[in-house]
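First up is the structure itself, then whatever we jot down about it.
None of the figures in this text is laboratory data; all of them are computed from the coordinates on show. The structure presented is a predicted model; accordingly, all values stated were derived computationally and were not measured. All Cβ positions, glycine included, derive from the backbone under ideal geometry; neighbour counts span all protein chains shown.
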Amino acid sequence: MRLHPLADATGITALRFLIMLGTLELAGAAGIRGWYLGLVANIAVTIFAVVLVTRRKLWRVTGATTLWRSWWALVALVPLGLEALSWALPAGLVAESPGFLLWGVTLLLVGVNEELISRGVILSRLQSAYRPVLAVIFTAVLFGLQHLSAFALTSREAGDILGNVALSGIYGFALAAFQWRFRWIWPLILVHGLADLTTLLAPEPLPDAVIGVAQVLMLGLGAIFLAWPLRPAAAPGQPADLHPARQTRG
C-alpha cells in the first residue's frame, strides 16, 4: 500500500536524518575525524537524494535538467541571491579550515541533497494531495523541522537550534514557492549553497533587526510566487512562469 503523501514526505525527512546519523557513526568508527565527518555524511545523503529523484523520475519534472527557464524566473532568483550575499556584508568571509574550496564543495552538496529532497521529492509528492499553498507550507515546515537534527548532531544551545528551525522554515517557504512556480531547481541548489557558505563563514552575523526584515521579505516573496496569476495555458495548480504583464536556511 502506498503511503499517504504527508506520511511519505515525513518518512523521507526522517530517513535522511537516519542516513546522516548512521554515516557519522560509521565514519567515526573508520577513523574519520573533525570537519571531514560532515563531508562524508553529506556525500551519503546526496547519494540518497540522487537515488530518490532517479527512482521517482523527477529529474525533468523538477527542472534539474532545464538549463534555461525564463527571464522571469531569473529575475525572481535575484532577491534570493542578494539575501545570501548580504551575510558577507558586515565583515566579508573568513577562510576557516580546511579552506574555501572544501567548504564550498561540502555546502554545495548540502544544497544538492536538501533541494533535491525538499523542493524536489517532497514538494512533488505533496502536490499530489494538497493545494499549492498547503503543499508549499508543509514542505517548508518539514524543511524547518529537519534542522532539529542539530540536537543530536551538534552541541549548540536549544535556543540557537530552535531559532535556526524557524529561519530555515521561512527560507524554505520562499524556496518551495519559487520551485512550485518555476520548476527550476538547479539554480536553487546554487543559491542554497551560497547562502550556507556566507552564513557559516561570515565572522560577524547580521544585526537581528536586519535578519528579521529579511525573513519578512522571504515570506512576502513566497506569497508573491504563490499568488501571482498563472499563464492561461497552465493547468490549475500546476507550476508556470509569471505572466509577462504582470527568497539560515539549510
Checklist outcome for this item: Least to most buried among S155, S149, by other C-beta atoms within 10 Å and fewest first, runs S155, S149
Checklist entry - Can you give the extra length, in nm with one decimal, that the chain gains between A227 and A152 once fully stretched, where that is 0.36 nm per residue apart less the Cα-Cα distance? => result 23.2 nm
Checklist outcome for this item: For the stretch 55-159 the GluC sites (Glu not before Pro) that pass both the DSSP coil test and the at-most-10 other-Cβ-within-10 Å test are E157
Checklist outcome for this item: The distance between the Cα centres of the stretch 192-212 and the stretch 106-136, in whole Å, is 23 Å
Next on the checklist: Quick check: pseudo-label points 7 Å beyond the Cα along Cα→Cβ at S70 and R33, how many nm apart are they?
Outcome noted: 5.4 nm
Checklist outcome for this item: Here, trypsin sites (Lys or Arg not before Pro) of the stretch 48-114 satisfying both criteria (DSSP loop; at most 10 other Cβ within 10 Å) are K57, R60
Item to check | Gain upon complete extension [V210, L93; 0.36 nm per residue less C-alpha separation] | outcome: 40.3 nm
Next on the checklist: Just want the answer: with Cβ charges of +1 for Lys and Arg and -1 for Asp and Glu, which residue in A227, W59, A29 is farthest toward the dipole's positive end in the stretch 5-227?
Outcome noted: W59
Checklist outcome for this item: If every Lys and Arg gets +1 and every Asp and Glu gets -1 at its Cβ, then about the Cα centre the chain yields a dipole, in debye to the nearest 20, of 1160 debye
Item to check | Compactness of the stretch 1-138 as Cα Rg over 2.2 N^0.38 Å, two decimals | outcome: 1.22
Checklist entry - Sorted from fewest to most neighbouring beta carbons within 10 Å, what does the list T62, T46, T54 look like? => result T54, T46, T62
Checklist outcome for this item: What helix-only [θ] at 222 nm does the chain give? Using -39500 (n - 2.57) per DSSP H run of at least 4, over all residues, to the nearest 500, the answer is -21500 deg cm²/dmol
Checklist entry - Considering only DSSP states other than H, G, I, E and B, which trypsin sites (Lys or Arg not before Pro) in the stretch 101-167 qualify as loop sites with at most 14 other Cβ atoms within 10 Å? => result R156
Item to check | Per-residue Cβ neighbour rank within 10 angstrom, fewest leading, D8, D160, D208 | outcome: D208, D160, D8
